[in-house]
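The structure under discussion appears below in the form of structure tokens.
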Amino acid sequence: MAKFRRSIMWGALVLITLLILFSIYGAFIGADRAQLFFNTLPLTAYWITFILLLGVGIGLFRRLLRFPGLLLIHLGCIFILIGAMWGSEGGHQLQKKLLGTDKIQTGNLVIYEGMSEERVLRKGVNVNFGKKDGTVVLYEGDGPPYSFLKDGDERIFLLPFKIKLKDFRMDYYSSPRLLVKTMDGRELVLKSINVGEKHDLGNHTWIKILKVYKNFKVREIDGKYEAYDQDEFGSNPAVRILIRHADGTEEEQFAFANFSGHMEKTSSLFVQYRDGGMVRDYFSDVQVIDDGKVVLKKTIQVNDPLYYGGYHFYQSSYDTQRGYYTVLSMTSDSGLYLVYSGYLLLLSGIVWQMWLTSLFRRRNMEITKEGGRLGA
Amino acid sequence: MELKTNLQGILVYGTMGWFLLGMLFCLMKREKVGGALFAVGFATACVSFGYRLYDVRHWPMQNLFEVFLSLGLAIYPISIFSEKKLRVRGGVADMLLGVIVLFPAGFFFSAEPTQLPPALQSWFFAPHVTVYMFSYVFMAKATFQAAFQLAFSSDKSRSKAYEQATYYMILAGFPLLTMGLILGSWWGKIAWGDYWGWDPKELWSLISWLIYVGYLHFRYMFGRKYSQYNSLLAILGMVAIILTLLWVNLSKIFQGLHNYA
């Protein structure tokens, strides 16, 4: 029996060493390939062996039963491994076979503002999307003729409910502002940019905000050029301002966030338009629509996902040009609570065994006293 | 290598100076004076950390400068705790450790304040990194003890004492290391959608944890007979921690979700 216990312990050390080596390899090949590697058939066999060895260890080593902390640690590891396997891609396929549940492990949703979506692009599927005749279409190809993805395409998973995007917005660390340099060398920062607002620059000079553009464009109408805000893809933030000088003369000027060096020849002021700098957070205001009714409202942001129908939905990406759509990543909760229970068991077991039972127990302190003060 | 001439830099160099002076007095057998200077160094480290907190307006453990600044802060309380409660004395080694961890903050890493990206704006940020910092200091102390065990392996009594001191430091640090790993995993689920993303930093953290798991199993089964191997495993664990903390963040080989650090 002692020999068998010894060989089980050697087995544990070999498995730990192998996992260290696998992890070193995984670290060098990148997260995506590492995930595939750790889910291959030989590695699945490895994980099952690990679970079995932990189970056998609990049965063989009385110490594991005598010390509750040690038992919790090993049970925690079993819970984590089983939970992780149950929540993996293979685990979801197994659930479909055994229980008939139709869930996917992970995927992405693209939702336009004001529209509802139930189509989830499965992991790794990379297709184009856009608006056509008031609906969102998924298609392949860089140019016409495009190949449109139809309902029932195996690359798309249909949720049993819909998610509607009410609004997508971003919050910046600093708000957009105008930097004004006057001819006499003064520099002013105008932090409030609202249409109709007047800013006194001193010396009987002021600036009035006439219009704020998200995507500044120029078009020709009846031989005249006209600035307008184009309601399509593209981003060219700009402001149109009216400058009133001390002598009573007025002039209009444009300032562009993307072209900070722009200066009109007639101007006696140098005006720069700066956007908000680094993004503080992204927000998607969504509604969950189930059976035609709004059942849940939530603002999804980074570190605050939506949970509904056995899935978590995360702020993943967005329309970088205009902010018209959001991209949510979706993850199944299968096995998650088993993993969390494992974490709780593992951590409580480690704290119990190492801090409460071993480290601060009087018996150990006495051993220390025998050797005098330890250490350097 | 850069010399920091601002207040933050002066506070870092000041802390290092007090620690070095404390070391010098301890080596001259003036341990009480050395201990007092170590405490003054800690007070300076507190001011340095507080100033950084005020300057960046978030928990200052975002980049490598702040991480090493925090490690320098954690040395003294852990040293006192280990000596008073666990009877593992650090003394000169702890002061040296303080100088070693503050050196990169003082001379290598930029102290330019940076804003927190959205993923780091979470209540997990402070506890996740803080428990890791404390565990790293315990494991660094374990490494010193393990090195002494190897150096004095011919002296049975001292070798045994150093081996036990290594074990106690690992017993103190390992639960913190586990907490860091679990908090990170839980946070990953909330921020990125998965509790385990196979990211290089995650894998290197797991490797560090597994080496200490290996140490605990080996010590239980074969440790009395082969105590040098226990010490070697403890040192190997620290090597993995250093790789996790520095190589993964500085090298371009390991691109992943943790690259902002």
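Values in this text are rule-based calculations from the coordinates and carry no lab data. Just so it is clear, the model here is predicted, and its values are computed rather than measured. Note that each Cβ is placed from the backbone with ideal geometry, even for glycine, and that neighbours are counted across all protein chains shown.
Listing for the model above:
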| read-out | value |
| --- | --- |
| Relative contact order for the range B:1-160, counting Cα pairs under 8 Å that sit 6 or more residues apart, in percent | 26 percent |
| Neighbour count of at most 16 Cβ within 10 Å plus DSSP loop: longest GluC sites (Glu not before Pro)-free window in chain A | A:1-153 |
| ³J(HN,Hα), Karplus 6.51/-1.76/1.60, whole Hz, each residue of the range B:138-149, x for Gly, Pro | 4, 5, 5, 5, 4, 5, 4, 4, 5, 5, 5, 4 |
| Quotient of C-alpha Rg and 2.2 N^0.38 Å, computed over the range B:7-250 | 1.03 |
| Extent along principal axes [Cα atoms of the protein assembly as shown; Å; largest to smallest] | 99, 69, 38 |
| Out-of-range pairs (alpha-carbon distance over 27 Å; input A:162/A:214; A:166/B:189; A:162/B:189; A:103/A:297) | A:162/A:214 |
| Per-pair calculated FRET efficiency, R0 = 51 Å: residue A:6 and residue A:191 via Cβ, rounded to 0.05 | 0.10 |
| Chain A, Cα convex hull volume normalised per residue, Å³ | 288 Å³ |
| Sorted by Cβ density within 10 Å, fewest first, the residues A:99, B:176, B:243 | A:99, B:243, B:176 |
| Using alpha carbons only: equivalent-ellipsoid semi-axes of the range A:177-266, gyration tensor based, whole Å | 25, 15, 12 |
| Packing-based exposure ordering (other Cβ within 10 Å, fewest first) of A:56, B:88 | A:56, B:88 |
| Fraction of beta bridges assigned by DSSP in the protein assembly as shown that are antiparallel (%, nearest 5) | 95 percent |
| Selection from B:8, A:125, B:68 lying farthest towards where the dipole of the protein assembly as shown points positive, charges on Cβ | B:68 |
| Spherically averaged projected area of the range B:30-147 from its Cα convex hull (nm²) | 8.0 nm² |
| Cut-off under 5 Å, modelled amide H: who pairs with residue A:206 long-range | A:201, A:244 |
| Theoretical gain in end-to-end length, residue A:279 to residue A:96 [0.36 nm per residue, Cα-Cα removed] | 61.8 nm |
| Karplus (6.51, -1.76, 1.60) ³J(HN,Hα), θ = phi - 60°, over the range B:197-208, in Hz, Gly and Pro reported as x | x, 6, 5, x, 5, 4, 5, 5, 5, 5, 4, 4 |
| Rg(Cα) / (2.2 N^0.38 Å) computed for the range B:136-261, rounded to two decimals | 1.17 |
| A:111, A:221, A:16, B:10 arranged by Cβ crowding within 10 Å, fewest neighbours leading | A:221, B:10, A:16, A:111 |
| The range B:85-141: equivalent-ellipsoid semi-axes (sqrt of 5 x gyration tensor eigenvalues, Cα, Å) | 28, 18, 6 |
| Radius ratio Rg over Rh of the range B:161-216, counting only Cα atoms, Kirkwood formula for Rh | 1.10 |
| Backbone HN-Hα couplings from phi across the range A:324-341 [Karplus 6.51/-1.76/1.60, Hz, Gly and Pro as x] | 7, 9, 10, 10, 10, 8, 10, 10, 6, 9, 4, x, 4, 6, 5, 5, 4, 4 |
| Whole-Å distance, taken between Cα centres, linking the range B:173-241 and the range B:84-116 | 21 Å |
| Rounded to whole Å, sorted largest first: equivalent-ellipsoid semi-axes of the range A:64-165, Cα gyration tensor | 42, 14, 12 |
| Amide proton proximity set for residue A:166, modelled H, under 5 Å, gap of 5+ | A:114, A:285, A:286, A:287 |
| Using a Förster distance of 41 Å, the FRET efficiency for residue A:344-residue A:153 (Cβ separation, nearest 0.05) | 0.50 |
| Spin-label model distance (nm) - residue A:287 vs residue A:37, 7 Å beyond Cα toward Cβ | 4.8 nm |
| Computed E for residue A:13/residue B:100 - FRET, C-beta separation, R0 41 angstrom, nearest 0.05 | 0.85 |
